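Have a look at the structure below before the remarks.
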2 protein chains.
Amino acid sequence: MNHPPLNELGAAALARGLQQRDFRATDVVYACLERIAELEPQLQAWTHVAKDTALNRARQLDAGAVQGMLHGLPLGIKDVFDTWDMPTAYGSPIYAGHQPCADAATVALCREAGAIALGKTVTTEFATFQAGPTRNPHNHAHTPGGSSSGSCAAVAAGMVPMAFGSQTAASIIRPAAYCGVVGYKPSFGAIARTGVKGLSDSLDTIGAIGREVEDVALLAACLSGNQQLMDLSIDHAPRVGLCRTAQWDGVAAETKALLAMVPGMLERAGATVTDIDLPAGFDDLAQAHIDIMAYETARALSDERLRHEEQLGVTLRGVIARGLEMPHAHYAAQLDRAARARGQLADLFRDADVLLAPSAAGEAPLFEEGTGDPLYCRPWTLLGLPCIHLPFARGPRGLPLGLQAIGAPHADHATLAAAAWLLPRLR
Amino acid sequence: MNHPPLNELGAAALARGLQQRDFRATDVVYACLERIAELEPQLQAWTHVAKDTALNRARQLDAGAVQGMLHGLPLGIKDVFDTWDMPTAYGSPIYAGHQPCADAATVALCREAGAIALGKTVTTEFATFQAGPTRNPHNHAHTPGGSSSGSCAAVAAGMVPMAFGSQTAASIIRPAAYCGVVGYKPSFGAIARTGVKGLSDSLDTIGAIGREVEDVALLAACLSGNQQLMDLSIDHAPRVGLCRTAQWDGVAAETKALLAMVPGMLERAGATVTDIDLPAGFDDLAQAHIDIMAYETARALSDERLRHEEQLGVTLRGVIARGLEMPHAHYAAQLDRAARARGQLADLFRDADVLLAPSAAGEAPLFEEGTGDPLYCRPWTLLGLPCIHLPFARGPRGLPLGLQAIGAPHADHATLAAAAWLLPRLR
């Protein structure tokens, strides 16, 4: 073999090899299962591993024609996505052992394209606050981040080449940052949410976790139907706007140092880099996001609050109480604030193809400290912009560091292409 | 009794009487159940009637304190809304006998506010095309419209004072028009969709069916948390824009005659009425809606297509096939078209508080002809505007006629208040 072990290849590289029959889906699944057997007792990234079903499906795929663009690729499915053949507990004891009768639309689309559902990955409680058991694969004393904890840890640990994430605040970008993988939150609305437990209709976004930008582009192309996403060629070095965000004071020294290095690295590679000052109204967007999410989550989880309140986590109960007490006029004013900020985005992206900004304050916190602060993603999620975490450095504790690339409204293709240009040059 | 039979009162009037203990929830439920027993064999508006549970709940409510703003009000629940204690089949044989383990968020919120879940009402297949068995209560040879067929028929027939609807194209407004009840499709995003079967993330909207504008305002206030919706007082007669729409050629003579009468009626009552010409780009919005819905529905129903295709209706299969074949660039262009039209709405509503436009071409078609054409609602749904069907006339076949009032973006309160002013003056 002149390639890394199969379980360490990226999804797009694997897809090419599988479609050319350079290697068998069965061997890819075996490699992933061996890695899971080795590391899962410590890492605890999975709520369910469908060993036999996955191997049977791999054998079918190896014996038949190429099924689709994800032929033979093992897939980790965050446990807020329904699966007809695997239990789905949404990270909550309320749903322990719950067996949906249908796949989420996204799960079905991946299976149709030839992906092999390897299992369900750990999510925080309803993709919110209460952490699951998953540890950071780089140092088990630290959190993998949340809420897509298991998906990011499993991809980082070589257990699976790609996985589903979902983001309402920072649930793709932050765990991707803490685990050192590529995380892609598409533009709001790009991927169908049917069959994914809903928290906030204005914010919930489905996305992808992988090792390289081309991996998440591949998965998103399948899910969105936008095949253009897979063409990551670019005819000019991107214009990059460095964005220190309205929350710069809370950014850790290692992240500040990283951002200081970026202009030199990128300019030597041919990119133009400018400092971006956000418009004044943007300072309030993080708080607007907090309020909108509380208002909507408080209502979305009504059944759970009314019939199982004692089984809800304390933090989530607090957010729900706050959301129920919030006057509708305040919520509506925050939606207006977001709409006004969206109206300023054309200006913001006039001279920049992508912004680079912190994905999180710094390295992953200790496990006991929770899954980290979503603050650095809240404004971008509220604006509905495409965001891609680029992992390319290590912090003082040896844990992964990186930055997120943020694109213009609905410019997912240009954002992925710019990210694919940037990542190797930052590494 | 100096009021109509309890099963014929509107929800808001009932709510007042129930909260003042003028009558008992038990008697309201009995009145509804008697009406159901009498008419359901012919009308077939329900997939499930929770007779014993509803009566038990009514007795509890009568014996205890006032529970909330919907205290003691029987509620019909469209069978695309999950209910933990009643089967939920989404109008599809695929889900025959399916028992969800949780309530939709909206169902839970109503129960908390004291509503009594009387049962599940017939929906077309996944709220799309294939009709259920429900007949038009005014003439059983005709369709009640779809997809909220059972909800509108049940309210019109005096079986229940209020019911849930949902609209992706015309699924609240059109059956409300055919059945002669008030149907309210709120602004896009106003009410949480968790636990309602998703068809199209960009379009799906939850709404309310009742007898009077105050009835749907009451239900929407509970669901959205916007208590202001219940104050329907208005300090000036509304400025009304008459909108003949881009589809005027297909409008039936009875609806054209109705629209011709409106200016005189409303001007005599003190309103100003002007003719509204839609901007040029609006002509294409109905087709843009068709394409966006096809693209998104094709993906949202992936599990059903892949595992149960033979159980999908022929028309739905055709729409799904079209959505899967549609290039992503075409879909994205339609979303852009809608976004540009939304940018013109401030101008459109500069001189009008509400528009009045056809809810449907004319009276309800014959049962065998299907549930009617959603064309007259597609543009407004795509724009996300609040829409309220006002029933106030009869057509040449004796079937209900009316018009829809359409409000400015997020102006749900002003739209409801204008509608409450208009309806008695049009009647």
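The values are calculated or read from the model by the stated rules, or taken from the named source; none is laboratory data. Because the structure is a prediction, the values reported are computed rather than measured. When we count neighbours, we look across all protein chains shown, and the Cβ atoms used for this are built from the backbone with ideal geometry, even at glycine.
Quick look at the values:
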item	result
Among (1) touching a strand residue (DSSP E or B) at 6+ places or on another chain (Cβ under 7 Å); (2) closer than 14 Å to B:Asp284 by Cα, the one test that B:Pro358 misses	(2)
Set B:Ala414, B:Ala418: member being within 14 Å of another protein chain (Cβ to nearest Cβ), assigned to a helix (DSSP H, G or I) and over 17 Å from the mean Cα position of the chain (by Cα)	B:Ala414
Enumeration of residues in the stretch A:307-337 that are within 12 Å of another protein chain (Cβ to nearest Cβ) and of a type in the set (D, E, K, R)	A:Arg307, A:Glu309, A:Glu325, A:Asp336
Residue that is surrounded by the most Cβ atoms within 10 Å (Cβ to Cβ), among those in the stretch B:408-427 that are of a type in the set (Gly, Ala, Ser) and under 17 Å from B:Leu219 (Cβ atoms)	B:Ala419
Selection within the stretch B:69-107 - of a type in the set (Gly, Ala, Ser), at negative phi and either in contact with a Gly (Cβ under 8 Å, 6 or more places away or on another chain) or surrounded by fewer than 24 Cβ atoms within 10 Å (Cβ to Cβ) (or both)	B:Gly76, B:Ala89, B:Ala96, B:Ala102, B:Ala104, B:Ala105
Lone unmet requirement of (1) within 14 Å of chain B (Cβ to nearest Cβ); (2) under 23 Å from A:Pro186 (Cβ atoms); (3) in contact (Cβ under 8 Å) with a residue 60 or more places away in the chain; (4) not in a helix (DSSP H, G or I) for A:Pro100	(2)
Candidate set from the stretch B:54-68 (those that are surrounded by 20 or more Cβ atoms within 10 Å (Cβ to Cβ) and in contact (Cβ under 8 Å) with a residue 60 or more places away in the chain); member that is nearest to the chain's Cα centre (by Cα)	B:Ala54
Some residue of the stretch B:45-53 being farther than 26 Å from B:Phe367 by Cα, in contact with an Asp or Glu (Cβ under 7 Å, 6 or more places away or on another chain) and free of Cβ contacts under 8 Å to residues at least 24 places away in the same chain	no
Selected residue (criterion: farthest from the other protein chains (Cβ to nearest Cβ)) from residues of the stretch B:64-89 that are within 18 Å of B:Cys152 (Cβ to Cβ) and assigned to a loop (DSSP other than H, G, I, E, B)	B:Leu73
Boolean, A:Gln227 is polar (S, T, N, Q), without any contact (Cβ under 8 Å) to a residue 40 or more places away in the chain and within 14 Å of chain B (Cβ to nearest Cβ)	yes
Unmet requirement for A:Met293, which otherwise passes all of (1) under 30 Å from A:Gln334 (Cα atoms); (2) more than 14 Å from every other protein chain (Cβ to nearest Cβ); (3) not in a strand (DSSP E or B)	(2)
Filter pass, B:Leu61 being in contact with a strand residue (DSSP E or B) (Cβ under 8 Å, 6 or more places away or on another chain), of a type in the set (A, V, I, L, M), more than 11 Å from chain A (Cβ to nearest Cβ) and assigned to a helix (DSSP H, G or I)	yes
Selection count where residues are under 22 Å from the mean Cα position of the chain (by Cα) and surrounded by fewer than 17 Cβ atoms within 10 Å (Cβ to Cβ), scope the stretch A:251-265	1
Qualifying residue in the stretch A:171-187 (condition: within 14 Å of chain B (Cβ to nearest Cβ) and either farther than 26 Å from A:Ile290 by Cβ or in contact with a His (Cβ under 6 Å, 6 or more places away or on another chain) (or both))	yes
Conditions (1) modelled with pLDDT under 95; (2) closer than 17 Å to B:Gly114 by Cβ; number of the one not met by B:Asp85	(1)
Selected residue (criterion: farthest from B:Glu296 (Cα to Cα)) from residues of the stretch B:338-355 that are small (Gly, Ala, Ser) and either in a strand (DSSP E or B) or within 14 Å of chain A (Cβ to nearest Cβ) (or both)	B:Ala346
Out of B:Ala117, B:Ala113, sole residue that is closer than 20 Å to B:Ile191 by Cα, more than 11 Å from chain A (Cβ to nearest Cβ) and surrounded by fewer than 24 Cβ atoms within 10 Å (Cβ to Cβ)	B:Ala117
Search result, residues across the stretch B:266-283 that are surrounded by 16 or more Cβ atoms within 10 Å (Cβ to Cβ) and not small (Gly, Ala, Ser)	B:Leu266, B:Thr272, B:Val273, B:Ile276, B:Leu278, B:Phe282
Among (1) in contact with a helix residue (DSSP H, G or I) (Cβ under 9 Å, 6 or more places away or on another chain); (2) of a type in the set (Phe, Trp, Tyr); (3) farther than 22 Å from B:Ser166 by Cβ - the single one B:Phe349 does not satisfy	(1)
Contacts under 7 angstrom Cβ, first residue in the stretch A:239-250 being closer than 26 Å to A:Ala414 by Cβ, partner among the acidic types (Asp, Glu), 6 or more apart	A:Arg239/A:Asp351; A:Arg239/A:Asp353; A:Leu242/A:Asp275; A:Ala246/A:Asp283
The stretch A:192-218, residues that are within 30 Å of B:Tyr90 (Cβ to Cβ), within 13 Å of the chain's Cα centre (by Cα) and within 14 Å of another protein chain (Cβ to nearest Cβ)	A:Asp204, A:Thr205, A:Ile206
Selection status of B:Pro396, in contact with a Leu (Cβ under 6 Å, 6 or more places away or on another chain), in a loop (DSSP other than H, G, I, E, B), at pLDDT 95 or above and surrounded by fewer than 20 Cβ atoms within 10 Å (Cβ to Cβ)	no
Selection from the stretch A:139-157 of residues that are among the hydrophobic types (A, V, I, L, M, F, W, C) and over 12 Å from the mean Cα position of the chain (by Cα)	A:Ala141, A:Ala154, A:Ala156, A:Ala157
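Let's see how each residue does on (1) among the charged types (D, E, K, R); (2) closer than 23 Å to B:Thr315 by Cα; (3) buried (at least 23 other Cβ atoms within 10 Å of the Cβ):
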residue: B:Ala361; (1), (2), (3): no, yes, no
residue: B:Glu368; (1), (2), (3): yes, yes, no
residue: B:Leu375; (1), (2), (3): no, yes, no
residue: B:Thr381; (1), (2), (3): no, yes, yes
residue: B:Leu385; (1), (2), (3): no, no, yes
residue: B:His389; (1), (2), (3): no, no, yes
residue: B:Leu403; (1), (2), (3): no, no, yes
residue: B:Ile406; (1), (2), (3): no, no, yes
